[in-house]
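The values are calculated or read from the model by the stated rules, or taken from the named source; none is laboratory data. In this text, all values refer to a predicted model and were calculated from it rather than measured experimentally. All Cβ positions, even for glycine, are placed from backbone atoms using ideal geometry, and neighbour counts span all protein chains on display.
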Amino acid sequence: MTLKKYGFLATLALTAMLAACGDKEEAMESKQPAESSTSEVQTTAEEKIVTDQLGREVTVPGKIERVVTGGILPYFSTWYVATNSTKEIVGMHPNSYNAAKNSILAKISPDVLKAETSFIQNGEVNVEELMKVNPQLYVEIATDENSINKITEAGIPVVAVKAIDAAAAEPLATFNSWLTLTSQMAGTTERADRFLEEGKKVQAELDTKLKDVATQDKPRALILFMHNDKSITVGGKNFFGNQWLNATGAVDVAENDVQGKKEVNMEQIYAWNPDIIYITNFTETQPADLLENKVNGQDWSQIKAVQEGKVYKIPLGIYRWFPPSGDAPLMLKWMAQKNHPTQFDYKIEDEIKTYYKDFYEFDVTDEEIHSILNPSSDAAKY
């Protein structure tokens, strides 16, 4: 396989990810990060030492063949991006598994569906069940100290990964740090470089087209993170959605009122009155639920975005596009086009087809592209 130089974005405002520590959907997206460390010291052919994102030196096998991923929900897809394989993923969080089952990755690399999930019980890691999976390496969200400690005490190397780089002004900063660390552990830096460079390229293209757009000409957008008839949770500053919006030429209506994510009421939604509403894949709500005013006790018909039909479900490709994923350059293109359709006049279906062929060596069908762009509510269940 010939690998070209490509890669991922390192200049956006995405502060990546759902922190599934405690509540499963959250853990990936709403934790505040510190700087990630990617230094590595080679020891022997049988093992190496990596510095994880808590600054701990962790000894890992020189050849990693059995990986389990916990509350850092999207991480399994990062492993695929870095290595072109999922056969090493022998266990993952049930919420991750559900996303994988409903993703195109299940077709590209069906080994991902062989992963065990039974070691997560009542939201916690059951060490006895985990030992049955026989992992060489466990990857956990950096904020879950309890899981990190008890798994380490069981003799399993644990690499801690931060869910979101809130300090960075780029949406891909978090994913890039994961990809770099993973490529060091797996010894696959050339593949990772392709993605990192592609990200930079796409962001530069967006920046060029958006540099002269005045703030008053940018759409005012809202990220609906979690939603049902009893609760409305939105994303704001220092959260993935805020970075995506900033990077693609939109104004985040919640930016000055919400740090991370926050539950709000309809009165607040009316006050913001966004031009566009984006719905994540961490909730079962679909655009039609708002557009057709189907939600009991909530009247969305008064909102400008609903009145103008500008309510969109964020896609799901090899993973959910809201947190960091290998499809991040596509997320940038998709959202930029929704925010500024006249300036970004490409056909997003063609962009997806080309990207999947170039980076995943996969010929995605028109039907599969439709599924990526219109993910089902099932993908949010766990």
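Residues that are touching a helix residue (DSSP H, G or I) at 6+ places or on another chain (Cβ under 8 Å), part of a helix (DSSP H, G or I) and polar (S, T, N, Q) were ranked within the range 179-207; the one that is nearest to M335 (Cα to Cα) is Q203.
Being acidic (D, E) and either touching a Lys or Arg at 6+ places or on another chain (Cβ under 8 Å) or surrounded by fewer than 19 Cβ atoms within 10 Å (Cβ to Cβ) (or both) is a property that D144 lacks.
The range 1-118 holds helices (runs of 4 or more DSSP H) entirely within its bounds, and those carrying 1 or more residues that are among the β-branched types (V, I, T), farther than 30 Å from G260 by Cα and modelled with pLDDT of 95 or more map to 105-108. Of all residues in the range 85-111, those satisfying the criterion of being touching a residue at least 12 places away in the same chain (Cβ under 8 Å) and among the small types (G, A, S) are S85, G91, S96, A99, A100, S103, S109.
The single residue among A288, A250 that is small (G, A, S) and surrounded by fewer than 20 Cβ atoms within 10 Å (Cβ to Cβ) turns out to be A288. Within the range 253-263, being surrounded by fewer than 22 Cβ atoms within 10 Å (Cβ to Cβ) and touching a residue at least 24 places away in the same chain (Cβ under 8 Å) holds for G260, K262, E263.
In the range 338-353, is there at least one residue being hydroxyl-bearing (S, T, Y) and in a helix (DSSP H, G or I)? The answer is no, given that none of the residues of the range 338-353 is hydroxyl-bearing (S, T, Y) and in a helix (DSSP H, G or I). When N95, N102, N134, N84 are checked against the criterion of being at positive phi and buried (at least 16 other Cβ atoms within 10 Å of the Cβ), N84 stands alone in meeting it. The conditions are (1) closer than 29 Å to G260 by Cβ; (2) more than 22 Å from the chain's Cα centre (by Cα); (3) of a type in the set (S, T, N, Q), and T180 fails exactly one of them. Which is it? Among (1) closer than 29 Å to G260 by Cβ; (2) more than 22 Å from the chain's Cα centre (by Cα); (3) of a type in the set (S, T, N, Q), the lone unmet condition for T180 is (2). Exactly one residue among A192, A186 is modelled with pLDDT under 95, within 19 Å of the chain's Cα centre (by Cα) and assigned by TED's automatic domain parsing to the domain that holds N84, and that residue is A192.
Against the condition out of contact with any Gly (no Cβ under 7 Å at 6 or more places or on another chain) and either farther than 30 Å from T83 by Cα or crowded, with 18+ Cβ neighbours inside 10 Å (or both), how does K313 come out, does it pass? The answer is yes for K313.
Name the residues in the range 106-131 that are surrounded by 15 or more Cβ atoms within 10 Å (Cβ to Cβ) and of a type in the set (S, T, Y), would you? Of everything in the range 106-131, those that are surrounded by 15 or more Cβ atoms within 10 Å (Cβ to Cβ) and of a type in the set (S, T, Y) turn out to be S109, T117. Taken as a whole, the structure leaves T248 outside the set of residues that are more than 25 Å from L316 (Cβ to Cβ), of a type in the set (V, I, T) and modelled with pLDDT of 95 or more. Residues in the range 117-150 that are in contact (Cβ under 8 Å) with a residue 60 or more places away in the chain and out of contact with any Asp or Glu (no Cβ under 7 Å at 6 or more places or on another chain): G123, L130, N134, P135, L137, Y138, V139, E140, I141, A142, T143, D144. In summary, I156 fulfils each of the numbered conditions (1) part of a helix (DSSP H, G or I); (2) surrounded by fewer than 24 Cβ atoms within 10 Å (Cβ to Cβ) with the single exception of condition (1). If I filter the range 291-308 for residues that are of a type in the set (F, W, Y), over 29 Å from A100 (Cβ atoms) and either free of Cβ contacts under 8 Å to residues at least 60 places away in the same chain or buried (at least 21 other Cβ atoms within 10 Å of the Cβ) (or both), do I get at least one hit? Yes, because at least one residue in the range 291-308 is of a type in the set (F, W, Y), over 29 Å from A100 (Cβ atoms) and either free of Cβ contacts under 8 Å to residues at least 60 places away in the same chain or buried (at least 21 other Cβ atoms within 10 Å of the Cβ) (or both).
Cβ-Cβ distances below 7 Å connect the following pairs, each with a first residue in the range 371-382 that is in contact (Cβ under 8 Å) with a residue 24 or more places away in the chain and over 9 Å from S103 (Cα atoms), a second residue that is part of a helix (DSSP H, G or I) and not β-branched (V, I, T), and a separation of six or more residues or different chains: K381/N98; Y382/P94; Y382/N95; Y382/N98.
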